[in-house]
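Below is one structure. I have some questions about it.
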Amino acid sequence: MQNRFSRLQNNVIIACMMLYSTAYLNRLNLSAALGSVMEALSLSATRAGILPSAFAITYAAGQMVNGALVDRLNPARHMYIGLLGSAVCNVLMAAGGSFEMLLVLCLLNGVFQSMLWTPVVRLVAMHFNHQERPKANILVSITLIIGHLGAWAISGYMSSLFNWRASFAVPAVIAVPVVLIAARLLRDVKAEPVAAAAGKESSYSLGGMLKMYWVSGFVVVLIVSVLYGFVRDGITTWAPTILGEVSGDATTGTTFSLVIPLINTLGIVLSYSLRNIPGLHNRRIVAVMMVISTVFCACLGGVSGVVLCALCMGLACACLSGANPLLTSLIPMEYEREKLIGMSAGLIDSLIYVGSALAGVMAGFIRESMGLNALFMTWACVALAAAVLAAVSDGMLRVYRALHQKAE
């Protein structure tokens with residue numbers, strides 16, 4: 001394994017990090033500004049939760065389409081179109097003045113945002129070998145921290161100091177120069193994959209693909225993805241609002257919410273470190289991270305004060321962030337032999353956002369009707385179920401690979 005990446009590999013990593021971090025600025029700004037939007041438009045928590053759920057629904061549907069398309073298209077151009085389209089949606093959201101208009105634009109933003117992740121996975125698969133991919137994916141996963149921190153800081157403070165409209169306008173403006181810089185960095189990237197295996201289409205029929213996905217435990221991974229998305233995006237959507245309520249001040253809530261993406265670094269480092277332990281494969285590590293997240297979600301029900309609440313949310317999210325590169329990148333790459341990396345990545349990310357869609361409305365309803373402690377325990381139970389199923393899928397994959405090798 002080489003110690004340093006080539007110039008082209010560095011350019012790919014930098015461009016992907018810039019593009020996807022900026023995509024997060026234009027996505028998570030909604031959660032940072034949600035409390036102000038609720039106040040300005042006189043929305044209940046349940047109705048406000050429809051907005052992130054609407055985004056998640058079209059994002060999930062778009063991932064299914066883009067996962068199938070991206071193996072045949074120019075991944076860099078796909079990302080440029082997605083980010084610029086998302087920026088336009090955010091500009092229009094800043095100009096909007098009604099719940100209905102915001103709802104339509106959230107739906108459209110989900111479509112454009114769904115064009116960004118599967119191209120990242122494909123670019124990494126194209127330009128990095130098996131030994132280099134874990135490191136490359138960990139670096140790309142830092143975009144989650146940068147994006148969360150930037151979105152909550154920019155949008156949270158813009159909303160507190162000015163108004164909620166600035167929370168959408170500023171991230172949109174940032175997207176334009178980012179696309180221009182990324183296009184310069186990726187000018188030498190070809191549309192066709194570098195590796196021959198990645199350039200061929202899968203020979204599986206629909207029935208054969210479904211059977212292979214079932215036997216190898218991938219269908220169970222998809223269920224894990226829904227549960228994971230429910231917990232992850234339940235926390236990230238409602239954390240700034242919850243912390244603002246606990247502290248009694250929106251600006252203070254924004255400040256403490258920034259602890260969460262900062263702590264997320266610990267989860268990514270832990271996930272990367274666990275890969276060095278013999279016998280701990282991708283899906284087992286996901287199970288471990290979800291168990292730890294379960295503990296901290298449960299602890300939320302027993303703490304008081306904004307500091308401890310932010311800390312527990314941060315540690316729960318850290319474990320979820322550590323599981324993210326495994327679910328969205330490394331597990332799809334387990335299907336390189338079947339030439340279904342793009343399809344697998346699209347399906348997983350799509351199902352994560354099915355969970356996110358459920359989290360927006362259901363978390364708002366649970367919080368409004370049964371209180372915060374009920375919401376925290378819901379997150380804990382769902383995370384534990386995800387851990388159990390991730391371990392089951394790991395056993396199914398090992399059996400599948402053993403049978404496949406024996407047949408060869």
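Excluding Leu105 itself, calculate the net charge of residues whose Cβ lies under 15 Å from the Cβ of Leu105, where each Lys or Arg counts +1 and each Asp or Glu counts -1.
Charge balance in the 15 Å sphere: +1.
Which values of log₁₀ I(q)/I(0), to two decimal places, follow from the Debye formula for the range 267-408 at q = 0.14 Å⁻¹ with a uniform point scatterer at every Cα?
Cα-only, vacuum Debye calculation for the range 267-408: -0.73.
Same structure, new question: What's the Kirkwood radius of the range 1-154 in Å, using all Cα pairs?
Working: mean 1/r = 0.0609 Å⁻¹.
Kirkwood hydrodynamic radius for the range 1-154: 16.4 Å.
Remind me, relative contact order of the range 78-186 in percent, using alpha carbon pairs under 8 angstrom and six or more residues apart? Mind showing how you got there, number by number?
Details: 84 pairs, mean separation 41.2, N = 109.
Relative contact order comes out at 38 percent.
While we're here: How much area per residue is accessible in the range 326-408 when the probe is 1.4 Å and only protein heavy atoms are counted (Å²)?
Details: 3180 Å² over 83 residues.
Heavy-atom SASA per residue in the range 326-408 reads 38 Å².
For the chain, what % of the accessible area comes from carbon and sulfur atoms, probe 1.4 Å?
Roughly 69 percent, rounded to a whole number.
Just how much of Ser155 is accessible, in Å², when a 1.4 Å probe is used and the result is rounded to the nearest 10?
Around 0 Å² of this residue is reachable by solvent.
For the chain, build the charge dipole from Cβ charges (+1 Lys, Arg; -1 Asp, Glu) around the Cα centre, then report which of Ala153, Ile14, Thr237 sits farthest towards its positive end.
Positive-end residue among those listed: Ile14.
Moving to a separate point now. Can you tell me, using C-alpha contacts under 8 Å and at least 6 residues apart, the relative contact order of the chain as a whole percent? Intermediate values should be presented prior to the final figure.
Details: 713 pairs, mean separation 109.0, N = 408.
Relative contact order of the chain: 27 percent.
Give the average over all directions of the projected area of the C-alpha convex hull of the range 262-303, one decimal, in nm².
On the way: hull surface 13.1 nm².
Over every viewing direction, the Cα hull of the range 262-303 projects on average to 3.3 nm².
Oh, and also: Based on alpha-carbon atoms only, what is the radius of gyration of the chain relative to the globular estimate 2.2 N^0.38 Å?
Normalised Cα radius of gyration, the chain: 0.93.
Still on this model: Using the Kirkwood radius over C-alpha pairs as Rh, can you work out the diffusion coefficient of the range 352-408 via Stokes-Einstein at 10 °C, viscosity 1.306 mPa s, in µm² per second?
The Stokes-Einstein estimate is 115 µm²/s.
Would you work out which of His281, Leu311, Ser141 lies farthest towards the positive end of the dipole of the chain, given +1 charges on the beta-carbon of Lys and Arg and -1 on that of Asp and Glu, about the Cα centre?
So the residue we want is His281.
Further, regarding this structure: Assigning unit charges at the beta carbon (Lys, Arg +1; Asp, Glu -1) and nothing else, what dipole magnitude in debye, to the nearest 20, does the chain show about its Cα centre?
Details: 25 positive and 17 negative charges, 208 e Å.
I would put it at about 1000 debye.
So how compact is the range 96-171: Cα radius of gyration and Dmax in angstrom?
Taking only Cα atoms of the range 96-171, I get Rg and Dmax of 16.7, 50 Å.
Given all pairs of different Cα atoms, what value in angstroms does the Kirkwood hydrodynamic radius of the range 275-326 take?
Value: 11.6 Å, from the Cα pair sum.
Continuing with this model, one more query. Below 8 Å, C-alpha to C-alpha, sequence gap of six or more: please give me the relative contact order for the range 270-408 in percent.
Reported relative contact order: 36 percent.
Could I ask something else about it? Please report the net charge: other residues with Cβ closer than 12 Å to the Cβ of Val124, K and R +1, D and E -1.
Overall, the nearby charge balance is +1.
Calculate the translational D of the range 94-139 in whole µm² s⁻¹ from Stokes-Einstein, where the hydrodynamic radius comes from the Kirkwood formula applied to all Cα pairs, the temperature is 25 °C and the viscosity 0.890 mPa s.
Roughly 187 µm²/s, to the nearest whole number.
The values are calculated or read from the model by the stated rules, or taken from the named source; none is laboratory data. Remember, it's a predicted structure, so these values are computed and weren't measured experimentally. Using ideal geometry, Cβ is built from the backbone for each residue, glycine included, and neighbour counts are taken over all protein chains shown. Heads up: the accessible areas ignore ligands, DNA and RNA and are worked out on the full protein's heavy atoms, side chains in. Shrake-Rupley method; radii C 1.70, N 1.55, O 1.52, S 1.80 Å.
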